[in-house]
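Here is the structure we will look at, set down as structure tokens.
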Amino acid sequence: PHLAALVLARGGSKGIPLKNIKLLAGVPLIGWVLRAAIDAGVFHSIWVSTDHDEIEKIAKQFGAQVHRRSPEVSQDSSTSLEAITEFLNHHHEVDIVGNIQATSPCLHPSDLIKVADLIQKEGFDSVFSVVRRHQFRWSEVKKGENKMTEPQNLNPAKRYRRQDWPGELYENGSFYFAKRHLIEKGYLQGGKMAYYEMRAEHSVDIDIDIDWPIAEQRVLSFGYFGKEPLKEVKLLVCSIDGCLTDGRIYVTEDHKEMVSYDYRDTVGIDLLKKRGIQVRLISDRDCSKTLSAMQLGCVAKVNVTNKLQVLKDWQEDMGLSWKEVAYLGNEESEVECLKQAGMSGVPADACAAAQKAAGYICKSRGGCGAVREFAEHIFLLLEKVNSARKQ
């Protein structure tokens, strides 16, 4: 049976404009679930259903196919079931739909693999995700009602300790898998049903803007970053023009060149050095005088025609694996460097090809704090590495 992953990503989010592609820990929100779906390796096709050009562009960058949904199922009042039904009407090859919510950035491939087994090998018609909660519920008393609240799932005289109570299962909205025949009858849950219990730390759902900073911390701690385990970064290679500077060159009347840079970026470089991370700079033009004036104390290579070869030479000379190398670039000529490095980033104003190749897209523009921001991202991921070591 053809199992298709389907992510519904409408452009007209009421709570957060274009929420589905807003950057979360440097990655578009929808990118987190698409990465997990692709690496799970259980789907015959992976789709994003959207009505928005920019969402379509991001979806394709992450390797998904795009179904352009009609205006009829793109309204505020449209349901997920309506959008999924429309998708099936256009894709008769699909037998099972795995509807994955774009707002669940801590989803892991291992979860999707187990769910695929439940529905493909064990014969369930529908499988949905739940999370276990230990919360005591009380009946609601509406204003003006002359009555007392009542306990719903506890005896107040014999309150459970958390460790003595198994808790209750709640839908967490991460995914809903269902067979075609069920959806065509108007159900996402039905027939022979099963739930899949996700770990509490992976159960992150972004609904309102105030959740965003919390979600970023959660995804950095518990998100899925790829098939290979993260390693401690030991070298950052940074492009000078467009990353350390804003890419502009000012020429005086006596033909002298001047550039501007952000002091925050020099602080970021110093912080990296203090953490034992070497910082090296690279440029395809001769800016040695500028570097000397900036007094950054970094190894630099200028007049470079092949940045990837320089990167490889530095990596080999230091005896590092690619997972230990980070690269911050911004131009199409650096795409291969961004792909090769274990951790890669670009400023917010980098070219489209560089953004597509990068693992992290800064909120800051080149020359306006992007280096410092990428340094902070490296530090957060190092915390994740250290946490994994302790575990």
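The values are calculated or read from the model by the stated rules, or taken from the named source; none is laboratory data. Nothing here was measured: the structure is a model prediction, and the numbers come from that model. All Cβ positions, glycine included, derive from the backbone under ideal geometry; neighbour counts span all protein chains shown. Quick note on the areas: whole protein, heavy atoms, side chains included, nothing else; ligands and nucleic acids left out. Shrake-Rupley method; radii C 1.70, N 1.55, O 1.52, S 1.80 Å.
Of the accessible area of the chain, computed with a 1.4 Å probe over protein heavy atoms only, carbon and sulfur atoms account for 48 percent. Looking at the chain, the accessible area is 50 square angstrom per residue; that uses a 1.4 Å probe and ignores ligands, DNA and RNA. Using bins of 10 Å that start at zero, the share of Cα-Cα pairs per bin across the stretch 264-391 amounts to 12, 43, 39, 6, 1, in whole %.
Computed over the Cα atoms of the stretch 1-136, pair by distinct pair, the Kirkwood hydrodynamic radius stands at 15.4 angstrom. With the Kirkwood sum run over all distinct C-alpha pairs, the stretch 60-144 has a hydrodynamic radius of 16.6 Å. Free of any GluC sites (Glu not before Pro) that DSSP assigns to a loop and that have at most 14 other C-beta atoms within 10 Å, the longest stretch within the chain is 254-391.
Note on the chain: helix-only mean residue ellipticity at 222 nm, from DSSP H runs of 4+ residues weighted -39500 (n - 2.57) and normalised by residue number, equals -9500 deg cm²/dmol. Take the Cα of R162, step 7 Å toward its Cβ, do the same at E93, and the gap between the two points is 4.8 nm. Size of the chain from its Cα atoms: along the principal axes, largest to smallest, the extents are 82, 55, 46 Å. Normalising the average separation of contacting C-alpha pairs (under 8 angstrom, six or more residues apart) by the number of residues puts the relative contact order of the stretch 235-389 at 27 percent. Segment H44..S77, full-extension length gain: 8.8 nm, with 0.36 nm per residue of separation and the alpha-carbon distance subtracted. Taking amide H as placed 1.01 Å from N in the peptide plane, V66 has its amide H under 5 Å from the amide H of V48, each at least 5 places away in sequence or on another chain.
Taken about its Cα centre, the chain carries a charge dipole of roughly 1300 debye when the Cβ of each Lys and Arg holds +1 and the Cβ of each Asp and Glu holds -1.
Using DSSP to call loops (not H, G, I, E or B), can you name the trypsin sites (Lys or Arg not before Pro) in the stretch 204-296 whose Cβ has at most 10 other Cβ atoms within 10 angstrom?
Taking the stretch 204-296 and a limit of 10 other Cβ atoms within 10 Å, the loop trypsin sites (Lys or Arg not before Pro) found are K227, K256.
Here the calculated FRET efficiency for R248 and T85, from their Cβ-Cβ distance with R0 = 56 Å, stands at 0.60, rounded to the nearest 0.05.
Among residues other than A354 with Cβ under 15 Å from its Cβ, the summed charge is -2 (Lys and Arg +1, Asp and Glu -1).
Taking 7 Å steps out from each Cα toward its Cβ at R137 and S292 produces label points 7.4 nm apart. In the chain, Cα pairs under 8 Å separated by at least six residues give a relative contact order of 15 percent. Rg and Dmax over the alpha-carbon atoms of the stretch 122-259 stand at 26.7, 87 Å. Across the stretch 18-31, rounded Karplus estimates of 3J(HN,Hα) from the backbone phi angles (6.51 cos²θ - 1.76 cosθ + 1.60, θ = phi - 60°) give 6, 3, 5, 10, 5, 5, 10, 6, x, 10, x, 3, 5, x Hz, Gly and Pro being marked x.
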